Amino acid sequence: MKAALSEASKVEIRRLMAQFPQRQSALLGALFVAQDEAGALYPEIIAEVAEVIDLPVSEVTSVASFYHLYRFSPEGRHLIQVCTNISCLLSGCDRVLRALKQRLDIEMGGTTPDGRFTLKTAECLAACETAPMMMVGPDRHGPLAPENLDEILARYG
Ligand code: FES
C-alpha cells in the first residue's frame, strides 16, 4: 500500500486543474492519477487528492464511490471481468462464474492470495456475439465454457 502521493502526481493533478475553469472538473482525472500511483484509493490518498484539489474529503469520496472504475482496495495483476448482462446471462455466464470461483478459490470481488487475479462481474462488455464472455485485463474471451477456462487462465502469469 502506498500511503502518500508523489510530488509528480501532485504536479499532474495541478496540471489537470489548470485545464478547467472550475477545479472540480479535474477531479475524475485526479482520482485516476492517484489510483495509478497508489494502486487503490486508500483513505489517506483520497485525503491528499482533496487537499491538492481543495475540495472536502466527503465530496471526493462520494465522487470516487460513484464510479466503478475507481477501487478502494488493490487488485490482482490481472482483472477478470465476467459479463452478466442479458446475452451472457442467457448463454450461461452463471456456470462460468461458478467455475472461475472454484478454480481460483475466491469469491466475487476477491483476489487470489498470490495476487495474480481479481474476479469481478461487469455489465455488457460489447461482445455479445461471443457470449458468455469475460475480459482478462484488456483481452476479450468467449464464448466461454467451464472446460476452456484453464487454458485461458494459463496465459496470464
Ligand atoms: S451481454 Fe455480455 S457482452 Fe454484451
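A short reminder: the numbers here are calculations on the coordinates, not readings from a lab. As the structure is a computational prediction, the values presented were derived from the model and not from experiment. Cβ atoms come from the backbone with ideal geometry, glycine included; neighbour counts cover every protein chain shown.
Shape class for segment 7-66, computed from the alpha carbon gyration tensor (a ≥ b ≥ c): oblate, with a/c not under 1.5 and a/b at or below b/c.
Mind giving me the FRET efficiency for residue 44 and residue 20? R0 is 30 Å, r the Cβ-Cβ distance, nearest 0.05 is fine. Kindly include the intermediate steps, with their values, before the conclusion.
Working: r = 25 Å, r/R0 = 0.84.
Calculated value: 0.75.
In terms of its alpha-carbon gyration tensor, segment 52-133 comes out oblate; a/c meets the 1.5 threshold, while b/c is at least as large as a/b. Cysteines of the chain lacking any other cysteine Cβ under 4.7 Å from their own Cβ: 124, 128. Here's how it looks for residue 110: its modeled amide H is under 5 Å from those of 119, which are all 5 or more places away or on a different chain.
Looking at segment 29-157, the DSSP beta bridges with both ends there are about 55 percent antiparallel.
When the dipole is taken about the Cα centre of segment 7-66, and only Lys, Arg (+1) and Asp, Glu (-1) are charged at their Cβ, what size is it in debye, to the nearest 20?
My answer is approximately 240 debye.
Annotation: amide H of residue 140 has no partner in the under-5 Å range at sequence separation 5 or more or interchain, hydrogens built in the peptide plane.
Taking other C-beta atoms within 10 angstrom as a stand-in for reagent exposure, 134, 108 fall in the order 108, 134, fewest first. With bins 10 Å wide beginning at 0, the percent of Cα pairs of the chain falling in each bin runs 11, 34, 25, 21, 9, 0. The label point for residue 68 and the one for residue 107, both projected 7 Å from the Cα toward the Cβ, are 1.9 nm apart. For the pair residue 77 and residue 98, label points projected 7 Å from Cα toward Cβ lie 3.1 nm apart. As a length-normalised measure over Cα pairs under 8 Å and 6 or more apart, the relative contact order of the chain settles at 19 percent.
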